[in-house]
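Have a look at the structure below, then the notes.
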Amino acid sequence: MWVSLLLGLIDPVEKITQAIVKARADGLNAQTEQERIASAERIKSLEARRDVMIAEAGVSRANIVVRTFLAAPVIFILWKLFIWDKALGDYTHGHTDALSPEMWQIINIVIGFYFLYEGAIGVTRLIKR
């Protein structure tokens, strides 16, 4: 399962393009008008997903790498606290020492920046329309 998930992340645009090709073939082979309409809707949905992925790919790789490395420790800490210590605590006997207020402030800044950034991107896309 994990292998197929990771392999699916390698080139998702190509996979969506293949799905579009298959949906177009299904539309050509459709027997009823309902099947043709369903195929056309699926094609439009897949094309929209592909276009978003292509637009997102326009962001510089350096920016993506830096954001990933800054977010990874925060994700790890929160995962450990919520999953290992709390959800599986009876089985793992997980215990994390209390984090200082400064660490929580850094965690909140990283999470806040993520949502602020994504919100700004969403607003920018709405304005461009």
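Observations on the structure shown:
- Qualifying position, being among the basic types (Lys, Arg) and modelled with pLDDT of 75 or more, among Arg61, Arg50, Arg129: Arg50
- Tyr91 over 26 Å from Glu14 (Cα atoms), touching a helix residue (DSSP H, G or I) at 6+ places or on another chain (Cβ under 9 Å), in a helix (DSSP H, G or I) and not assigned by TED's automatic domain parsing to the domain that holds Ala19: no
- Within region 31-42, residues that are within 19 Å of Val21 (Cβ to Cβ) have Cβ atoms under 7 Å from residues that are outside any helix (DSSP H, G or I) and hydrophobic (A, V, I, L, M, F, W, C) in these pairs: Arg36/Ala30; Ser39/Ala30, counting only partners at least 6 apart in sequence or on another chain.
- One residue stands out in region 64-85 among those that are more than 17 Å from Asn108 (Cβ to Cβ) and exposed (fewer than 13 other Cβ atoms within 10 Å of the Cβ): the one that is modelled with the lowest pLDDT, namely Ile64.
- Test: residue in region 108-116 that is out of contact with any strand residue (DSSP E or B) (no Cβ under 7 Å at 6 or more places or on another chain), under 30 Å from Lys22 (Cβ atoms) and not assigned by TED's automatic domain parsing to the domain that holds Ile20: no
- Any hit, region 82-96, residues being aromatic (Phe, Trp, Tyr) and touching a residue at least 40 places away in the same chain (Cβ under 8 Å): no
- Applying the condition of being surrounded by 11 or more Cβ atoms within 10 Å (Cβ to Cβ) and either within 16 Å of the chain's Cα centre (by Cα) or at pLDDT below 80 (or both) to region 87-112 and asking which residue is nearest to Val52 (Cα to Cα) yields Ile111.
The values are calculated or read from the model by the stated rules, or taken from the named source; none is laboratory data. Here the structure is a predicted model, which is why all the values come from computation and not from measurement. Using ideal geometry, Cβ is built from the backbone for each residue, glycine included, and neighbour counts are taken over all protein chains shown.
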